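Asks: Before we start, here is the structure in question, set down as structure tokens.
Every number in this text was worked out from the coordinates using simple rules, so none of it is lab data. Since we're looking at a predicted model, the values are computed, not measured. Quick reminder, even Gly has a Cβ in these numbers, built from the backbone with ideal geometry, and neighbours come from all protein chains shown.
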Amino acid sequence: MYPVSKPLACALSGVLYYALQVAAASDLTTAMSACSNLTASFGPTIVETGGAQYNATAQGTWSLFNSLDRPTCIAYPTSTAQVQTIMKAIYAAGSKYAVIAGGHSAMVGYNSISNGVLISFSQMTNVSYDSGSDTVTVQPGVHWGDAVEYLQSYGVAVLGGRAADVGTGLLLGGGISFLSPQYGWSADALKEADVVLVTGQMVTANATNQYKDLFQALKGGANRFGIVTRYALTPAHVGTAADKNWYGGMILYPGSQSAAVSNASAKFIRENTDPKATLMVLMSTMDLTATDAHIVYVFYQGASLPTSIYGTFLSIPNTTATLSSMSYADMATMIPGNARGNGQQFGAASYIGDEATFLTGFNHFVNFTAHYKSLFEASYLIISPVPRSQWAVSTARGGNAIGDPGVAYASMNFEPIYLPGILAVPANVTAGFDLLLSQVQSNTSLPLYINECDASQSVFATYPGYATLKQTYAKYDPTRFNIRNTVGPLGL
Ligand SMILES: Cc1cc2nc3c(=O)[nH]c(=O)nc-3n(C[C@H](O)[C@H](O)[C@H](O)COP(=O)(O)OP(=O)(O)OC[C@H]3O[C@@H](n4cnc5c(N)ncnc54)[C@H](O)[C@@H]3O)c2cc1C
Ligand SMILES: *[C@@H]1O[C@H](CO)[C@@H](O)[C@H](O)[C@H]1NC(C)=O
Ligand SMILES: *[C@@H]1O[C@H](CO)[C@@H](O)[C@H](O)[C@H]1NC(C)=O
Ligand SMILES: *[C@@H]1O[C@H](CO)[C@@H](O)[C@H](O)[C@H]1NC(C)=O
Ligand SMILES: *[C@@H]1O[C@H](CO)[C@@H](O)[C@H](O)[C@H]1NC(C)=O
Ligand SMILES: *[C@@H]1O[C@H](CO)[C@@H](O)[C@H](O)[C@H]1NC(C)=O
Ligand SMILES: *[C@@H]1O[C@H](CO)[C@@H](O)[C@H](O)[C@H]1NC(C)=O
Ligand SMILES: *[C@@H]1O[C@H](CO)[C@@H](O)[C@H](O)[C@H]1NC(C)=O
Ligand SMILES: *[C@@H]1O[C@H](CO)[C@@H](O)[C@H](O)[C@H]1NC(C)=O
Ligand SMILES: *[C@@H]1O[C@H](CO)[C@@H](O)[C@H](O)[C@H]1NC(C)=O
């Protein structure tokens, strides 16, 4: 039963425990050095080591798994200059650190830290619109729903998440918005970014200046390249609250229609070429006897849902359909996405619209979910189209780090949601999830979507521009400070 004798195993784990304690002790020492420097520089309002706001930030992450960390201190900058000072102190001390914007990362440690400094953007939430240059400027702490609501009186919108509570970290991974079929990946709307590099130096990167390589890397490079303190974005002109120029909402289907819903999704991904047509499918893999197992969001920019596009979905017997005319802001704030208290896990695949591939992926996930279902509150396969029109706009705007694969495809997100008392992914589930990811084979000619991946997935390696991305990383972080001191995607 034991690969080595039990006493030896205990002795080994004792050595390992000691090694981990030593590592934690030195991390704590460097973090305390950075934190005392920051407290001396800023005082206790901007740097906190406990209290109500500290607790709200540390415990406020979307995934319960990240809410258990206790940062040595949390810094609440109010300006780019303060972020520079904070980063200089972290760099000089050699401290571990993490950054939190909207808090929605599902990856363990991407937005939380123990024995390190957490930089929270909760005091930098400004949004403004300049009609002269047609530019929206957002600070990194804003949540997309708030940005969309503020901007609607100007008749413009940002390409935020499809759930209101999601934050600006979405941009650094690419970003799929309901506007993406018409306006590209959310990151494609980026005009300029202020970026604090690991050394604390601030650079303003855009598509034409000396930092154009960094600018490109930010659009899909996630948290690896620096801390963005200002995003200048090209808005979409979607109209005001009075412009109810979209039609759509939510359709619920029973678990008995799983194959029909999966097939209809594959067909839509493969065949739809109308950029006004959107789709987001959430297929439950948990209780397939439920009458409301599958949730399908459909929004069309027009007065009704064209049957030429949505006919297959409309012909599947539904349980409930709540459809109406609405403004863009209505649809962008319809899904709050703000639930807290559950551990979350993401895994990703990218599929061409082939019915058998979709169904096989779904069935593997149903098997996985059934095996571990005593641990889960829910489990969803979320299907997001990435149509050709999305990449056409992207290319016209200069492209991004993800890289156009030249075909219409879907980003598939495998998302088990754990019961509240479960504080980490159990080891036996990790083995099952790894098996699942190998079974649901992403098409190797397609890029994976980093915001929907498991931390074990080597996403950057799926980008056609991987070699360039590595060079850009080496240029802007030559000592590999971020790789050593923050948790983030593999492969650089
Ligand atoms: C309910 C829900 C709905 C979602 N819906 C969508 C959707 O419709 N479309 C979509 O594309 N994705 C969606 N996502 C995925 C989402 O894009 C990612 O979770 C994204 O990372 C969230 O960004 P955040 O700011 O909320 O999270 P955070 O966890 O705060 O940030 C995410 C990552 O980016 C880093 N980061 C954040 N800000 C900065 C910065 N200024 N500089 C450097 N690094 C930074 C963080 O350190 C972290 O590693 C959804 C996720 C959830 C949980
Ligand atoms: C904080 O650290 C920086 C970088 O090492 C240093 O320049 C600065 O003097 C320190 N500030 C304080 C108040 O200790
Ligand atoms: C913060 O959280 C800790 C740990 O849960 C708790 O002991 C402490 O009382 C909390 N402090 C405040 C001010 O809420
Ligand atoms: C904050 O936004 C307001 C408009 O909402 C704008 O007038 C102001 O200049 C912005 N400030 C910063 C620091 O971006
Ligand atoms: C990029 O920034 C430079 C200054 O560094 C500026 O001259 C140029 O106009 C900017 N380009 C774009 C496309 O914004
Ligand atoms: C779904 O598609 C598969 C593969 O093409 C097919 O075998 C099956 O009959 C379809 N099922 C439904 C309900 O559409
Ligand atoms: C949902 O089902 C009802 C009842 O069968 C039907 O009248 C309606 O057209 C369906 N709606 C959609 C959007 O499929
Ligand atoms: C996996 O491990 C957890 C706890 O570690 C346990 O509760 C669960 O029953 C195990 N599940 C399976 C299928 O082995
Ligand atoms: C179903 O999932 C379990 C748990 O991961 C795994 O052991 C088993 O091999 C899977 N079955 C199939 C047919 O994939
Ligand atoms: C993978 O994608 C390529 C196009 O990029 C396509 O030709 C191929 O058929 C796809 N394979 C599968 C199994 O879907």
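Asks: Using only the alpha-carbon atoms of the range 224-274, report the extent along each of the three principal axes, biggest first, to the nearest angstrom.
Replies: Result for the range 224-274: principal-axis Cα extents of 47, 40, 23 Å.
Asks: Quick one: what Rg and Dmax do you get for the range 383-436 from the alpha carbons, in Å?
Replies: In Å, with Rg to one decimal and Dmax whole: 17.3, 48.
Asks: Let me know the volume per residue of the alpha-carbon convex hull for the range 223-367, in Å³. Present the calculation step by step, with values, prior to reporting the outcome.
Replies: Numbers: hull volume 25.3 nm³, N = 145.
Convex hull of Cα atoms, per residue: 174 Å³.
Asks: In whole Å, what are the extents of the range 125-216 along the principal axes defined by its C-alpha atoms, from largest to smallest?
Replies: So the three principal-axis extents are 36, 28, 25 Å.
Asks: Here is a follow-up. Enumerate the amide H contacts of residue 377 below 5 Å, restricted to partners 5 or more residues apart or on another chain; note that Pro and chain-start residues carry no placed amide H.
Replies: Amide H to amide H, under 5 Å and 5 or more residues apart or across chains, residue 377 pairs with 417, 418, 419.
Asks: Same structure, new question: Simple spin-label model, 7 Å along Cα-to-Cβ: residue 378 to residue 153 in nm?
Replies: So the label points at residue 378 and residue 153 sit 3.4 nm apart.
Asks: Could I ask something else about it? How many percent of all Cα-Cα pairs in the range 415-456 sit more than 15 Å apart?
Replies: Values: 455 of 861 pairs.
Cα-Cα pairs of the range 415-456 separated by over 15 Å account for 53 percent.
Asks: Let me ask something additional. Rank-order 329-337, 98-106 by packing density, defined as the average count of other C-beta atoms within 10 Å over each peptide's residues, highest first.
Replies: On the way: 329-337: 19.6, 98-106: 25.7.
Going from most to least packed, we get 98-106, 329-337.
Asks: Determine which lysines satisfy two conditions relative to residue 88: a Cα distance under 17 Å, and not lying fewer than 8 residues away in the same chain.
Replies: Residue 88 reaches 96.
Asks: What is the pair-distance distribution P(r) of the range 358-465, computed from all Cα-Cα distances in 5 Å bins starting at 0, with each bin given as a whole percent?
Replies: P(r) over the range 358-465, rounded to whole percents: 2, 10, 20, 21, 16, 12, 8, 6, 3, 0.
Asks: Please enumerate, by chain and number, the lysines with C-alpha under 23 Å from the C-alpha of residue 212, excluding those fewer than 8 residues away in the same chain.
Replies: Output for residue 212: 191, 470, 475.
Asks: What value, in deg cm²/dmol to 500, does the helix sum -39500 (n - 2.57) over DSSP H runs of n ≥ 4 give at 222 nm once divided by the residues of the chain? Numbers along the way, then the final one.
Replies: On the way: 15 runs with 165 residues, N = 492.
Rounded to the nearest 500, the figure is -10000 deg cm²/dmol.
Asks: Same structure again: Considering Cα pairs under 8 angstrom that are at least six residues apart, work out the relative contact order of the chain and quote it in whole percent. The partial results should precede the final answer.
Replies: On the way: 1118 pairs, mean separation 78.1, N = 492.
Result for the chain is 16 percent.
Asks: Can you pull the three principal axis extents for the Cα set of the range 31-88, in Å, largest first?
Replies: Answer, in whole Å and largest first: 31, 21, 18 Å.
Asks: Further question: Could you line up 196, 148 from fewest to most neighbouring Cβ atoms inside 10 Å? Numbers along the way, then the final one.
Replies: Working: 196 24, 148 27.
Lowest to highest Cβ neighbour count: 196, 148.
Asks: Compute the semi-axes of the equivalent ellipsoid of the chain, taking the square root of 5 times each eigenvalue of the Cα gyration tensor, and list them largest first in whole Å. If you can, show how the numbers build up before the last one.
Replies: Values: eigenvalues 253, 173, 84 Å².
Semi-axes, largest first: 36, 29, 21 Å.
Asks: Quick check on the range 418-492: what does the Kirkwood estimate of hydrodynamic radius come out to from the alpha carbon pairs, in Å?
Replies: Details: mean 1/r = 0.0686 Å⁻¹.
Taking every pair of different Cα atoms in the range 418-492, averaging 1/r and inverting gives 14.6 Å.
Asks: Give me the compactness ratio for the range 286-395, meaning the Cα radius of gyration over 2.2 N^0.38 Å.
Replies: Details: Rg = 16.6 Å, N = 110, 2.2 N^0.38 = 13.1 Å.
In units of the globular-protein estimate, the range 286-395 measures up at 1.26.
Asks: Show which lysines lie in cross-link reach of residue 276 when reach means a straight Cα distance below 18 angstrom and same-chain residues fewer than eight apart are skipped.
Replies: 244, 267
Asks: Moving to a separate point now. Given points 7 Å out from each Cα along the Cα-Cβ axis, report the residue 55 to residue 92 separation in nanometres with one decimal.
Replies: For residue 55 paired with residue 92, the spin-label model returns 3.3 nm.
Asks: In addition: Which one, 167, 30, 141, is farthest towards the positive end of the dipole of the chain when Lys and Arg carry +1 and Asp and Glu -1 on their Cβ?
Replies: 30
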